[in-house]
Each structure stands twice: as structure tokens, then as C-alpha cells.
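Here is the structure we will look at, set down as C-alpha cells.
The values are calculated or read from the model by the stated rules, or taken from the named source; none is laboratory data. The model shown is predicted, which means the values in this text are computed figures rather than measured ones. Every residue, glycine among them, receives a Cβ derived from its backbone with ideal geometry; neighbour counts consider all protein chains shown.
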Amino acid sequence: MSGRVFLDCNVLVYCDDPRDPRKQVRALGVLAELSEDARAVISTQVLQEYFSAVTRKGRVPAEVARARVALFAQLEVVLIRPDLVLGAIDLHRLHHISFWDALIVRCAFAAGCDRVLTEDMNHGQVIDGVRIENPFLAAAARAQEGRATWQPARHKRTERRRGAKTKVE
């Protein structure tokens, strides 16, 4: 495979969640490392779940969350197609995992990813040739300490604010 890594929604959510600083630092480090070499992959499902999770209970304002979704959309994004849904149903039935987790694995496989980073599935499990890894386990977090964090402002993008275009660098 390619060394590409699929990021589940919880990795992106922890980037914006200061309630657990250790997980936030780890998530930012993982995102920085993988996006630097263009190895990070997500899906439309991940973008939707991210927006829903961070705006729930008003933790992140919707306009900020929307801007983050636009930024995350600059990564490679797998579009959910009917064949991926059907494949996820098969994985759900064969491996007794939730449909949503199966869809993550199916999208990772379709994108040629070696691994899925998530805290929602069994660390070390291999499904459909894709290894599940929890990036927030203590050993993984210690290995990441001291690495650069992902800085969204480094990416050039154009935002619309009240009809005017502004560049963010």
C-alpha cells in the first residue's frame, strides 16, 4: 500500500477540543505530520461527523466549524458512493462492527490506506487489509510529544465574510 493514513472524525475533533490537552496535542501532531507529506485521507462522512460533533452543545460556533470543514476538505477526501455503502454493509455483517465504522474502513481501503487512526475501534485489528490504530494510546502519544503542531493558518484559502474575500495565510 501507499503509506496513506485514514483519519477518523475523532482525530479532527480533538484538534479543536482543549478539554483534553494531551489528546489535542497528539491530534494536532498527527494531522501536521500526515498532511505535510500529503498522506492524510478523510471522507465526506468524517467531514459531516466533525461538524456535528463540534457544534453540538455550542462548543464551536457553526461559522468556525464550517471554516474548519473547508480547511479539512483540502486533504484527500473520499466521496461516499453506493458501492462503498454496500461494501460497508458487507463488512458490518462479516466483522460485527457498526455500519459507520465499517464505512470508515471501506473508504480507507478504497483510498489505498494502510491504516485508520481512530479511538472508536479495536486497536491492532486488521479489517479488509487495513490496520486499526488508536493514536491516543499512551505510547503513541509519548512518541509524538515535541513534534510540530498543525497550523491551519499556514494553508492559503479564501473565505467569504459578509460579501468580501479575504486571504488567510
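Just give me the residues in segment 17-38 being crowded, with 18+ Cβ neighbours inside 10 Å and more than 17 Å from VAL77 (Cβ to Cβ), in sequence order. Spell out how you get there, then give the answer.
So in segment 17-38, the residues crowded, with 18+ Cβ neighbours inside 10 Å come out as 23, 25-32, 34-35.
Answer for segment 17-38, where residues must be crowded, with 18+ Cβ neighbours inside 10 Å and more than 17 Å from VAL77 (Cβ to Cβ): LYS23, VAL25, ARG26, ALA27, LEU28, GLY29, VAL30, ALA32.
Are any residues in segment 1-54 polar (S, T, N, Q), within 16 Å of GLU119 (Cα to Cα) and out of contact with any Phe, Trp or Tyr (no Cβ under 8 Å at 6 or more places or on another chain), and if so, which ones?
Once the filter is applied, which keeps residues that are polar (S, T, N, Q), within 16 Å of GLU119 (Cα to Cα) and out of contact with any Phe, Trp or Tyr (no Cβ under 8 Å at 6 or more places or on another chain), segment 1-54 yields only ASN10.
For segment 97-104, state whether one or more residues are in contact (Cβ under 8 Å) with a residue 24 or more places away in the chain, surrounded by 13 or more Cβ atoms within 10 Å (Cβ to Cβ) and under 23 Å from ASP16 (Cα atoms).
yes
If a residue must be in contact with a strand residue (DSSP E or B) (Cβ under 8 Å, 6 or more places away or on another chain), modelled with pLDDT of 95 or more and more than 19 Å from CYS9 (Cβ to Cβ), how many such residues does segment 75-113 contain?
1
So GLU76 fits all but one of (1) closer than 15 Å to VAL41 by Cβ; (2) without any contact (Cβ under 8 Å) to a residue 40 or more places away in the chain; what number is the exception?
Checking GLU76 against (1) closer than 15 Å to VAL41 by Cβ; (2) without any contact (Cβ under 8 Å) to a residue 40 or more places away in the chain, the one that fails is (2).
Go through the residues of segment 57-70 one by one and say whether even a single one is free of Cβ contacts under 8 Å to residues at least 12 places away in the same chain, farther than 16 Å from THR118 by Cα and among the hydrophobic types (A, V, I, L, M, F, W, C). Talk me through it step by step, then tell me what you get.
Narrowing segment 57-70 to residues free of Cβ contacts under 8 Å to residues at least 12 places away in the same chain: 57-58, 61-64.
With the extra rule that they be farther than 16 Å from THR118 by Cα, the set shrinks to 57-58, 61-64.
Okay, now just the ones that are also among the hydrophobic types (A, V, I, L, M, F, W, C), so 62, 64.
Within segment 57-70, one or more residues are free of Cβ contacts under 8 Å to residues at least 12 places away in the same chain, farther than 16 Å from THR118 by Cα and among the hydrophobic types (A, V, I, L, M, F, W, C).
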